[in-house]
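Here is the structure we will look at.
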Amino acid sequence: MKHTYLFEPAVWGVAGKFWRADGEELEAVGRTEIAHRPECWLLSGKVRVLSAPPVEFVHAYWIEPPGPHGGSVRWTFENDMFGKLQGRYTTIGPSIMSVYGCETSGYHGAEHLAQLDADNYRSTGMLLLRDRIMYSWLMMLKRGG
């Protein structure tokens, strides 16, 4: 099956669970848009964690388009809290894996996107600060959702 997330422009609805460092489980919802331009792909959106008070994570990734052999792409994301995260997405069969980090801030992590079908993916991942897990998640992504 050909990957659709990242590799095709689309809007994706996001819903699932988010865990804080203390283990508290919270509901989360969001939206991600992927746009392809000749010089880069853009992944932008937000995830709202339904805590009291709610917390919103805004993301905007700059992704290098794949080369002629495809498969692996580099990405960057920068904000005041995390610093400049740099990572790589790579396709492995029905999965897309991403590892990332920022040497100056100490944040790093990984995400696994499992393709369920052309319109649905399951995302699991974690964000660490040095050796401490700060956040982890299990989210469902639905194209057009």
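I want to confirm something. Restricting to region 95-134 and keeping residues that are part of a loop (DSSP other than H, G, I, E, B) and touching a residue at least 12 places away in the same chain (Cβ under 8 Å), which single residue is most open to solvent (accessible area, probe 1.4 Å)? Looking at residues that are part of a loop (DSSP other than H, G, I, E, B) and touching a residue at least 12 places away in the same chain (Cβ under 8 Å), I get ARG130. Only one of (1) closer than 20 Å to MET140 by Cβ; (2) among the small types (Gly, Ala, Ser); (3) modelled with pLDDT of 95 or more fails for GLY87. Which number is that? (1) is the only condition that GLY87 fails. Of all residues in region 43-68, those that are farther than 19 Å from TYR5 by Cβ have Cβ atoms under 7 Å from Cβ atoms of residues that are part of a loop (DSSP other than H, G, I, E, B) and at pLDDT 90 or above, 6 or more apart or on another chain, in ARG48/PRO54. Does ARG122 satisfy the condition of being closer than 23 Å to GLU27 by Cα and modelled with pLDDT of 95 or more? Here the answer is yes, as ARG122 does meet what is asked. The residue that is surrounded by the fewest Cβ atoms within 10 Å (Cβ to Cβ), counting only those in region 53-69 that are closer than 14 Å to CYS40 by Cα and of a type outside the set (D, E, K, R), is GLY67. When region 70-87 is filtered for residues that are in a loop (DSSP other than H, G, I, E, B), open to solvent by 100 Å² or more (accessible area, probe 1.4 Å) and either within 25 Å of LYS2 (Cα to Cα) or aromatic (Phe, Trp, Tyr) (or both), nothing remains. ALA35 meets the conditions (1) open to solvent by less than 80 Å² (accessible area, probe 1.4 Å); (2) in contact with a Ser or Thr (Cβ under 9 Å, 6 or more places away or on another chain); (3) within 23 Å of ALA114 (Cβ to Cβ) in every case but one. The failed one is (3).
Inside region 14-29, residues that are free of Cβ contacts under 8 Å to residues at least 40 places away in the same chain and open to solvent by less than 60 Å² (accessible area, probe 1.4 Å) make up a count of 2.
The values are calculated or read from the model by the stated rules, or taken from the named source; none is laboratory data. Because the structure is a prediction, the values reported are computed rather than measured. Here the Cβ is made from the backbone with ideal geometry for all residues, glycine too, and neighbour counts use every protein chain on show. To get the accessible areas, we keep the full protein, side chains included, count just its heavy atoms, and leave off ligands, DNA and RNA. Shrake-Rupley method; radii C 1.70, N 1.55, O 1.52, S 1.80 Å.
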